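Below is one structure; the comments refer to it alone.
The values are calculated or read from the model by the stated rules, or taken from the named source; none is laboratory data. All of these numbers come straight from a predicted model, not from anything done at the bench. Heads up, the Cβs are rebuilt from the backbone with ideal geometry, glycines too, and the neighbour counts pull from every protein chain shown.
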Amino acid sequence: MEQIRKRAEQRVEDTWNLEAIYPSSEEWKADAARLEEELQRFNEYQGHVKDGADKLLEILEAYCKMTELFEKIFVYAHMHFDEDMGNSFYQKLNGEARAMMPKYDGAISWLQPELLELSEETLENYFHENEKLELYRIWLNDLRRKKAHTLNKDQERMLAMAGEMGNAPYQIYSIFENADLTFGTVEGEQGERLPLTSETFVRLQENRNRRIREDAFRQFYGVYRQFGNTIATLFDANVRQAMFFARERHYSSNRAFYLDDAQIPEQVYDNLIDTVHKNLPVMHRYAALRKKMLGVEELHMYDVYAPMVSDVEKKFTFEEAKAVVKEGLKPLGEDYLEILQEGFDNRWIDIYENTGKRGGAYSGGSYATYPYVLLNFQGNLNHVFTLAHEMGHSIHSYYTRKNQPFIYGDYKIFVAEVASTCNEALLIHSLLEKTSDKQERKYLINYFLEQFKSTLYRQTMFAEFEKITHAKVEAGESLNAETLCDIYLNLNKSYFGDAMVSDPEIAWEWARIPHFYTPFYVYQYATGFSAAIAIAEKIRNQEPGAVENYKRFLSGGSSMTPIELLRLCGVDMESPKPIKAALDVFAQYLGYMEEE
């Protein structure tokens, strides 16, 4: 196994082009100073929303200009920090950017309350007086929808200033997880020492040598257990900060607060958990099949990622991965592929792992920048799909920003996960259709099954964990390491069934999931996966208008609600049907593998 590179050892062409945002930190600092001035000037608009249509337009245009600048400043510092969290210069720059957040929030805190003081009649008169205000109608209507949850100016300013403290659990966890935690090494087959990190852990769990998998599993979770009380305290603090903001804004629960921003009915969340629960026997069949195909007397949690198809092992260079993704996405049309190639050619992507780099993968950027992608590419099929997934996010951003003004130039996470997983669904079908080799077909079916297991079942289990833990705190209980481990272990046993030995170490898996620090986020992976399968099937079957409707969806931004956007594609997420249909596909492919 190669030694992990230092950031300075990365080839420039393998890194993202952040110089396209600012050629140097000096330009960044100049814009940061300009933002400070604009924040001060924006405060001068306070009390003038009622001064007529022209003044309101001036205020809204200033708000958009200032917010676009703030986002550009923030993402530059944030992404440089993510390159190497141990870099003290970018730690400082990122800290300065984050320190601007409460200033920005404070500067705009008066705007929403003042806008809500306008009567509907006055606002309609403004629309008639200045037709340029029509651009903001949808945004203003959504604002007015939240009137019951908006406080007076002083209270809004107080909540804005509290936002920095509210973000502390996530920030502490992030730096602890990525920069401070060390996991040591495990012994390889030839006695060599294999580095164990958050990124290499999954790769080691995919190792064909069971002893290596077990050693990595027990050592990895042993480190989390060692710091269990600290991480549990951070988790509890994060739930409590969520509860503070939810209660102050008069929501019935944390979940209601977080789902309301995208106007997602709580029924969608409950449909997901209920429908998956009804289909747990299929997941239990999968675990039994895995046990049989691995030929083990007991199936342990360190066997979950082990390849079930022993004679096929696919490895990809990054160039090969790009070609595979491009071929798989052909059904989306030439214009989509041109945008994909533009991202490859213009260094949207930071490709390889290095010491201190943030783990995992994401699509980032702002309205004024490229839609960047962070990867930690390891050359396996999973990472090929990660490339397709994250470029799905980025091309979604590209379509949205090209077709929407800044005020609607972003989209809710609920629909973001649809765009990314639709790419994955198209790619898997492309690979299955192109192979005539029986072993390769088994390998690909296995991979497809793994996607259902990890995205639909596992993320739903995470969603249920969040539902339970937040409800406990809302009921007056506290969360400690023992409570969190008990809840998680019981869920793991329920989801995997009797064929799986739920090793005690897996009780600590909750401690390594950073998405829990963005409450009620993970369920969208599962709902998005289900919707994506429905959309991909329409595209694959060349249903009339399917591709065009999908691109309308990608171009919609926040000009419609997520539920409305998905209806453009013929998918109704207020019904359990998309979840059930996806689980039926899982059962179908599981049947194929059982027959092999």
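Tabulated results
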read-out: Of all residues making up region 206-243, the number that are among the hydrophobic types (A, V, I, L, M, F, W, C) and out of contact with any helix residue (DSSP H, G or I) (no Cβ under 7 Å at 6 or more places or on another chain); value: 2
read-out: Count of region 462-487 residues which are of a type in the set (Asp, Glu) and surrounded by 18 or more Cβ atoms within 10 Å (Cβ to Cβ); value: 3
read-out: Criterion violated by GLY191 - all others in (1) outside the structural domain of GLY95 (by TED's automatic domain parsing); (2) touching a residue at least 12 places away in the same chain (Cβ under 8 Å); (3) small (Gly, Ala, Ser) satisfied; value: (2)
read-out: Number of the condition not met by VAL49 [criteria: (1) under 28 Å from the mean Cα position of the chain (by Cα); (2) surrounded by 17 or more Cβ atoms within 10 Å (Cβ to Cβ); (3) in a loop (DSSP other than H, G, I, E, B); (4) not polar (S, T, N, Q)]; value: (1)
read-out: Top-ranked residue of region 395-411 - restricted to ones that are touching a Gly at 6+ places or on another chain (Cβ under 6 Å) and either within 21 Å of ALA321 (Cα to Cα) or part of a loop (DSSP other than H, G, I, E, B) (or both), ranked as modelled with the lowest pLDDT; value: TYR411
read-out: Filter result (touching a helix residue (DSSP H, G or I) at 6+ places or on another chain (Cβ under 6 Å) and under 19 Å from LYS493 (Cβ atoms)) within region 448-463; value: LEU456, TYR457, GLN459, THR460, MET461, ALA463
read-out: Residue in region 29-39 that is part of a helix (DSSP H, G or I), more than 18 Å from ALA99 (Cβ to Cβ), under 30 Å from the mean Cα position of the chain (by Cα) and without any contact (Cβ under 8 Å) to a residue 12 or more places away in the chain present; value: no
read-out: Criterion (of a type outside the set (Gly, Ala, Ser), more than 30 Å from PRO519 (Cβ to Cβ), surrounded by fewer than 21 Cβ atoms within 10 Å (Cβ to Cβ) and modelled with pLDDT under 95) met by exactly one of ARG203, ARG208, ARG249; value: ARG208
read-out: Residue among GLY356, GLY365, GLY379 that alone is on the phi > 0 side of the Ramachandran plot, outside the structural domain of TYR76 (by TED's automatic domain parsing) and crowded, with 23+ Cβ neighbours inside 10 Å; value: GLY365
read-out: Selection within region 209-232 - outside any helix (DSSP H, G or I) and over 30 Å from VAL296 (Cβ atoms); value: PHE227
read-out: Conditions (1) surrounded by fewer than 16 Cβ atoms within 10 Å (Cβ to Cβ); (2) over 22 Å from VAL522 (Cα atoms): number failed by LYS278; value: (2)
read-out: Search result, residues across region 145-167 that are exposed (fewer than 14 other Cβ atoms within 10 Å of the Cβ), within 23 Å of GLN263 (Cα to Cα) and of a type outside the set (D, E, K, R); value: ALA148, ASN152
read-out: Tally, over region 321-341, of residues that are part of a helix (DSSP H, G or I), in contact (Cβ under 8 Å) with a residue 12 or more places away in the chain and surrounded by 13 or more Cβ atoms within 10 Å (Cβ to Cβ); value: 12
read-out: Cβ-Cβ under 9 Å pairs, at least 6 apart or on other chains, region 3-24 side within 27 Å of THR200 (Cβ to Cβ) and outside the structural domain of HIS78 (by TED's automatic domain parsing), far side loosely packed, with under 15 Cβ neighbours inside 10 Å and aliphatic (A, V, I, L, M); value: none
read-out: Criterion (among the aliphatic types (A, V, I, L, M), under 30 Å from ASP14 (Cα atoms) and surrounded by 14 or more Cβ atoms within 10 Å (Cβ to Cβ)) met by exactly one of ALA287, ALA306; value: ALA306
read-out: Matching helices (runs of 4 or more DSSP H) fully within region 412-518 where at least 3 residues are modelled with pLDDT of 95 or more and of a type outside the set (S, T, N, Q); value: 458-474, 481-496
read-out: The lone exception for GLY222 - which of (1) surrounded by fewer than 16 Cβ atoms within 10 Å (Cβ to Cβ); (2) modelled with pLDDT under 90; (3) over 18 Å from TYR521 (Cα atoms) it fails; value: (2)
read-out: Helices (runs of 4 or more DSSP H) fully within region 233-309 counting 2 or more residues that are of a type in the set (Ser, Thr, Tyr) and in contact (Cβ under 8 Å) with a residue 12 or more places away in the chain; value: 266-278
read-out: Residue match in region 172-184 (condition: over 24 Å from the mean Cα position of the chain (by Cα), surrounded by fewer than 16 Cβ atoms within 10 Å (Cβ to Cβ) and of a type in the set (Val, Ile, Thr)); value: yes
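Conditions tested, residue by residue: (1) closer than 30 Å to MET308 by Cα; (2) surrounded by fewer than 19 Cβ atoms within 10 Å (Cβ to Cβ).
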| position | (1), (2) |
| --- | --- |
| GLU509 | yes, no |
| PHE520 | no, no |
| TYR523 | yes, no |
| ALA526 | yes, no |
| GLU543 | no, yes |
| SER558 | no, no |
| VAL585 | yes, yes |
